[in-house]
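Structure record follows, encoded as structure tokens.
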Amino acid sequence: MRKLITIDENSRVPKYQQIVDSIIDNISAGHLTIDQKILSINKFSEEFYLSRDTVEKAYNILKDRNIISSIRGKGYYVTRTRLLSKVNILFLVNKLSSYKLRIYNSFIENVGANSHTDLHIYHCDESLFLNILDKNKTAYDYYVIMPHFKTDELKHVSYTEQVLKFLNKIPKDKLVILDNSKPPVDVGNIEVSQDFQNDIYNALEQGLEKVKKYEKLILVYPDKSVYPYPRRILHGFRKFCAKHNIDFEILSEVYEDMILKRGDLFIIIEESDLVNLVKQIREDEYILGDEIGVISYNDTPLKELLGITVMSTNFRKMGETAAKMILNKEKGKVKNEFNFIDRNSI
């Protein structure tokens, strides 16, 4: 360490700050690496002829910034090695879809240049999620997560007992919850989320005039998807149909050679089902938006180009809101906007 650390006796910079700056400079230069052990406070004090209080103050600053950590009985270790002058953010996404990427890209655009964000995908897998967090539990200033998990039966859950237990170990002011939250969960100071049950219900209410011209409402909800969807979507759909006494059916997929009838209105969640359905509507020579209607869940530029009616949250707004709340050090829960966008398919 004597070869790496420089203490200038004639400098006006306090010696504790010189220690902090010197360690950071050596980490940035690659001279100190992650998990590398550094001198103890007593040893540092002896080596550089400094008071113990001076070294302890420097180490406490480095610990507060998550640059080093201490393990009782073992000593001090380097915790992180990249872009130490910036705000470091771990961004955990459950799947790599176009929707999630729009949230992430919007977040990156708005969080500013004085930050570094690492993107990790955990594929709705609890073990992978916990493993990523455990490896990085002290390395970041913020942890941005989208909590969507799957059971062994491929059912959706917002949180598991183990996930909640681990999240409660992360300081609340470092935790940002995006996209999905389920009351009474309260683990982060920042939350920007959808309300899956009420969102679909309210969106269908917005389009009620056109929806009611159809005889049957069919929701294609993939109940065995690798990336399962919240079942609150089903609850909101059923609530709407019950209120307006609308005949409905719930299917798990769009089947080949499916029986289509005039007066059917489909709500499609997955894009593969949307493609298969539109193809069958054309093959059977039905008029889309007149004889058979289609509403797609989650908007994309392609759906806009093709004139597909959608109900969708504003993904860009979600990423933007989260970034600005971090920058402004705001706290609170924000319900992200969700809209019914009427086009030519209904």
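The values are calculated or read from the model by the stated rules, or taken from the named source; none is laboratory data. If you're wondering where the values come from, they're calculated on a predicted model, not measured in any experiment. Neighbour counts are summed over all protein chains in view; Cβ atoms, including those assigned to glycine, are modelled from backbone coordinates with ideal geometry. Heavy atoms of the whole protein, side chains included, go into the accessibility calculation; ligands, DNA and RNA do not. Shrake-Rupley method; radii C 1.70, N 1.55, O 1.52, S 1.80 Å.
Can you tell me which condition Asp179 does not meet? The list is (1) on the phi > 0 side of the Ramachandran plot; (2) surrounded by fewer than 21 Cβ atoms within 10 Å (Cβ to Cβ), and all the others hold.
Tallying (1) on the phi > 0 side of the Ramachandran plot; (2) surrounded by fewer than 21 Cβ atoms within 10 Å (Cβ to Cβ), Asp179 fails exactly one: (2).
Pick from His235, His244: which is farther than 28 Å from His123 by Cβ and either modelled with pLDDT of 95 or more or open to solvent by less than 40 Å² (accessible area, probe 1.4 Å) (or both)? Talk me through it step by step, then tell me what you get.
Numbers: His235 fails: farther than 28 Å from His123 by Cβ.
Just a single option satisfies the conditions, and that option is His244.
Quickly run through segment 325-339 and pick out the residues that are more than 15 Å from the chain's Cα centre (by Cα) and either open to solvent by 30 Å² or more (accessible area, probe 1.4 Å) or on the phi > 0 side of the Ramachandran plot (or both).
Scanning segment 325-339 gives Leu327, Asn328, Lys329, Glu330, Lys331, Gly332, Glu337, Asn339.
Quick check on my filter: what residues within segment 27-59 are over 33 Å from the mean Cα position of the chain (by Cα), touching a residue at least 40 places away in the same chain (Cβ under 8 Å), part of a loop (DSSP other than H, G, I, E, B) and surrounded by fewer than 16 Cβ atoms within 10 Å (Cβ to Cβ)?
Passing the criteria: none in range.
In segment 87-115, how many are buried (at least 18 other Cβ atoms within 10 Å of the Cβ) and either among the polar types (S, T, N, Q) or not in a helix (DSSP H, G or I) (or both)?
Residues in segment 87-115 being buried (at least 18 other Cβ atoms within 10 Å of the Cβ) and either among the polar types (S, T, N, Q) or not in a helix (DSSP H, G or I) (or both): 9 in total.
Identify, please: which residue in segment 311-331 is farther than 18 Å from Ser106 by Cβ and in contact with a strand residue (DSSP E or B) (Cβ under 9 Å, 6 or more places away or on another chain) and is, among those, modelled with the highest pLDDT?
That would be Met311.
Checking Ile295 against (1) open to solvent by 10 Å² or more (accessible area, probe 1.4 Å); (2) in contact (Cβ under 8 Å) with a residue 24 or more places away in the chain, only one condition comes out false. Which one?
So the condition that Ile295 fails would be (1).
Being without any contact (Cβ under 8 Å) to a residue 40 or more places away in the chain and either over 29 Å from Tyr143 (Cα atoms) or not in a loop (DSSP other than H, G, I, E, B) (or both) is the filter here; which residues of segment 304-342 pass it? If you could, list the steps in order and put the result at the bottom.
As a first pass, look at segment 304-342 and keep what is without any contact (Cβ under 8 Å) to a residue 40 or more places away in the chain: 304-308, 310, 312, 314, 328-329, 337.
Listed by number, the residues that qualify are Glu304, Leu305, Leu306, Gly307, Ile308, Val310, Ser312.
Which is hydrophobic (A, V, I, L, M, F, W, C), open to solvent by less than 20 Å² (accessible area, probe 1.4 Å) and either assigned to a helix (DSSP H, G or I) or closer than 25 Å to Ile170 by Cα (or both), of Ile24, Ile19?
Only one candidate qualifies: Ile19.
Looking at Tyr214, Tyr227 in this structure, which one is out of contact with any strand residue (DSSP E or B) (no Cβ under 6 Å at 6 or more places or on another chain), in contact (Cβ under 8 Å) with a residue 24 or more places away in the chain, hydroxyl-bearing (Ser, Thr, Tyr) and open to solvent by less than 80 Å² (accessible area, probe 1.4 Å)?
Checking each option against the conditions leaves just Tyr227.
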